[in-house]
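S.K.: Below you will find the structure I want to go over with you.
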Amino acid sequence: MTEFDLIARYFTRPVAPGGWVRTGVGDDCALLDIGATTIAITTDMLIEGRHFFPGTDAAAIGHKALAVNLSDLAAAGATPRCFFLALGMPRADEQWLAGFSAGLFALADRYDCVLAGGDTTRTPTLLESAPAIADTHQGAAGAAGPLTISITALGEVPRAQVRGRDGAHVGDDVWVSGSLGGAALALAVAQGEAALAAAELRACRERLDRPLPRIELGIALRGLATAAIDVSDGLLGDLGHVLSRSGVGAIVDWPAVPRSAALRAQAEDVQQRCALAGGDDYELLFTASTGSRDAVLAAAQAAGVEVSRIGRIDAATGLRVCDAAGRPIALPFAAYDHFAGGVR
Ligand code: ADP
Ligand code: MG
């Protein structure tokens with residue numbers, strides 16, 4: 001069972017019209033119509049050892065925990081307003097807390113996003129929660145539960161300009177901001193699967209540790225993007241969500257997929273794996289009508305972000321990635337999934 005099968009089977013229910021929830025489970029943000037205001041709201045959790053390496057700089061963790069949430073607001077075209085922070089920590093380490101909060105607030109202040117509440121708790125050690133296991137495997141001290149950070153962020157979006165993953169039309173262009181694959185390349189280096197010179201590795205690690213949410217672009221694309229999603233799990237999987245929600249297919253032109261110079265220097269299969277299936281880039285992937293090309297480029301320029309046109313929406317369902325000659329490329333991988341191959 002995949003992460004998305006699991007959500008669909010156990011946590012997706014029809015939403016009756018007339019309440020607050022205009023869009024519920026299945027998009028980057030839930031959209032709530034409250035009076036004349038539409039609120040976009042999203043929750044994302046980061047767990048040590050799963051979403052970041054143990055020992056990662058505390059300020060980077062604070063930045064990233066908020067950035068991944070603001071990235072979902074960017075997909076919805078929302079202006080960030082406030083957020084809530086739930087922390088589960090094995091111990092109260094003041095040096096860590098000072099670094100974490102500094103990284104968190106530096107990003108929050110950039111977008112005038114106010115920390116409005118949260119919850120703080122200590123995660124148990126194995127010795128407390130499962131003494132028998134701790135005794136056998138961890139020795140008398142037990143192992144500390146992982147550091148867990150969950151943030152819920154709220155933003156505002158003009159009701160007439162709301163968008164989600166479901167608005168892509170046949171014939172629309174497919175666009176992506178910035179470049180893809182840098183974060184995945186840093187991960188590949190950390191796992192010994194690729195090598196980079198020190199300066200290039202630093203740039204890729206920056207992509208992995210301090211992703212920049214594309215808030216300005218998300219707002220600039222109001223009324224232009226027909227559908228949008230942020231690339232958190234890899235281009236193929238995330239575009240796949242747009243396609244299935246919109247009931248369409250797409251053709252992606254592999255040579256047009258933007259990659260950093262460091263990634264372009266890697267073998268073709270590494271480039272494809274990182275740029276198409278690698279997560280953690282937090283770029284915006286969006287669709288827009290062909291008539292909006294100039295307006296999209298102007299919006300991106302105003303937002304200070306590059307955008308690339310990487311394909312088009314097609315009536316035939318499914319996703320085809322093509323080479324320079326327009327021939328489909330067979331790819332041996334899919335997007336990152338937390339439960340694929342794990343939970344059955
Ligand atoms: P994102 O990557 O943008 O955070 P995902 O694609 O991971 O979003 O999640 C898909 C959708 O499933 C989102 O709308 C999310 O809010 C929803 N979702 C994920 N887990 C749960 C859950 N346990 N209960 C309800 N909704 C969930
Ligand atoms: Mg998202």
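S.K.: Return the single residue from PRO124, PRO328, PRO17 with maximal mean-square fluctuation; model: Gaussian network over the chain, springs between Cα atoms under 10 Å.
M.R.: PRO17
S.K.: Okay, next question. Could you tell me how many cubic angstrom of Cα convex hull volume the chain has per residue?
M.R.: 164 Å³
S.K.: Counting only residues 5 or more places away or on other chains, whose amide H sits under 5 Å from the amide H of THR23 once H atoms are built in the peptide plane?
M.R.: LEU31
S.K.: With θ set to phi - 60°, apply the Karplus curve 6.51 cos²θ - 1.76 cosθ + 1.60 along the stretch 157-164 and write out the HN-Hα couplings as whole Hz, x wherever there is a Gly or Pro.
M.R.: Taking θ as phi minus 60°, the curve returns 9, x, 4, 6, 10, 5, 8, x Hz for the stretch 157-164.
S.K.: If I model a spin label as a point 7 Å beyond the Cα along the Cα-Cβ vector, how far apart are those points for THR37 and GLN191 in nm?
M.R.: Calculated label separation equals 4.2 nm.
S.K.: Any chance you could check the Cα centroid distance between the stretch 1-60 and the stretch 248-316 for me, in angstrom?
M.R.: Result: 24 Å between the Cα centres.
S.K.: Based solely on its DSSP helices, what 222 nm [θ] is calculated for the chain when runs of n ≥ 4 H residues each add -39,500 (n - 2.57) and the sum is averaged over all residues, nearest 500 deg cm²/dmol?
M.R.: The helix-only estimate for the chain comes to -9500 deg cm²/dmol at 222 nm.
S.K.: Also, quick follow-up: Assuming R0 = 41 Å, can you tell me the calculated FRET efficiency for the pair ALA256 and ARG202, based on Cβ-Cβ distance, to the nearest 0.05?
M.R.: Computed FRET efficiency for ALA256 and ARG202: 0.90.
S.K.: Now for a different question. Give me the net charge of PRO332's neighbourhood, meaning all other residues with Cβ under 14 Å from the Cβ of PRO332; Lys, Arg count +1, Asp, Glu -1.
M.R.: Net of charged neighbours comes to -1.
S.K.: Still on this structure, please answer the following. Can you give the charge dipole size of the chain about its Cα centre, rounded to the nearest 20 debye, using +1 on the beta carbon of Lys and Arg and -1 on the beta carbon of Asp and Glu?
M.R.: Around 480 debye, computed over the chain.
S.K.: Another question about this same structure. Out of residues 5 or more away from ARG165 or on other chains, whose amide H comes under 5 Å of its own, with H placed 1.01 Å from N in the peptide plane?
M.R.: HN-HN under 5 Å from ARG165: ASP28, ALA228.
S.K.: Under a GNM of the chain (C-alpha, springs under 10 Å), which listed residue has the highest mean-square fluctuation: TRP254, TRP96, TRP175?
M.R.: TRP96
S.K.: I want to verify a result. In a Gaussian network model of the chain, Cα cutoff 10 Å, which of these has the top mean-square fluctuation: ARG210, ARG320, ARG50?
M.R.: Looking only at ARG210, ARG320, ARG50, the biggest GNM fluctuation is shown by ARG50.
S.K.: Still on this structure, please answer the following. Please report the net charge: other residues with Cβ closer than 12 Å to the Cβ of VAL242, K and R +1, D and E -1.
M.R.: Cβ neighbours under 12 Å give a net charge of -3.
S.K.: Right, another one. Apply the Karplus parameterisation 6.51 cos²θ - 1.76 cosθ + 1.60, with θ equal to phi minus 60°, to every residue of the stretch 292-304 and state each ³J(HN,Hα) to the nearest whole Hz, in sequence, with x for glycine and proline.
M.R.: With coefficients 6.51, -1.76 and 1.60, one gets 9, 3, 5, 5, 5, 5, 5, 5, 5, 5, 5, 7, x Hz.
S.K.: Now a separate question. In sequence order, what are the phi-derived ³J(HN,Hα) couplings for the stretch 48-61 according to the Karplus relation 6.51 cos²θ - 1.76 cosθ + 1.60 with θ = phi - 60°, rounded to whole Hz, with x for glycine and proline?
M.R.: Running phi through 6.51 cos²θ - 1.76 cosθ + 1.60 with θ = phi - 60° gives 4, x, 10, 9, 8, 5, x, x, 4, 3, 4, 5, 5, 5 Hz.
S.K.: Given a Förster distance of 22 angstrom, what is the FRET efficiency for VAL21 paired with ALA86, based on the Cβ-Cβ distance and rounded to 0.05?
M.R.: The pair VAL21/ALA86 has a calculated efficiency of 0.55.
S.K.: Another question, then. Which length gain, in nm to one decimal place, applies between ALA98 and LEU297 when the Cα-Cα distance is subtracted from 0.36 nm times their residue separation?
M.R.: 67.6 nm
S.K.: Can I ask one more? Using label points projected 7 Å from each Cα along Cα→Cβ, tell me how many nm separate ASP269 and ASP5, to one decimal.
M.R.: Result for the modelled spin labels: 2.7 nm.
S.K.: Quick one: if you stick a label point 7 Å off each Cα along the C-beta vector at PHE105 and ALA330, how many nm between them?
M.R.: 5.6 nm
Quick note: the coordinates plus some simple rules give every number you see, no bench work behind them. It should be emphasised that the depicted structure is a prediction, and the values quoted were computed from it without experimental measurement. Glycine gets a Cβ as well: all are built from the backbone with ideal geometry, and neighbour counts include every protein chain shown.
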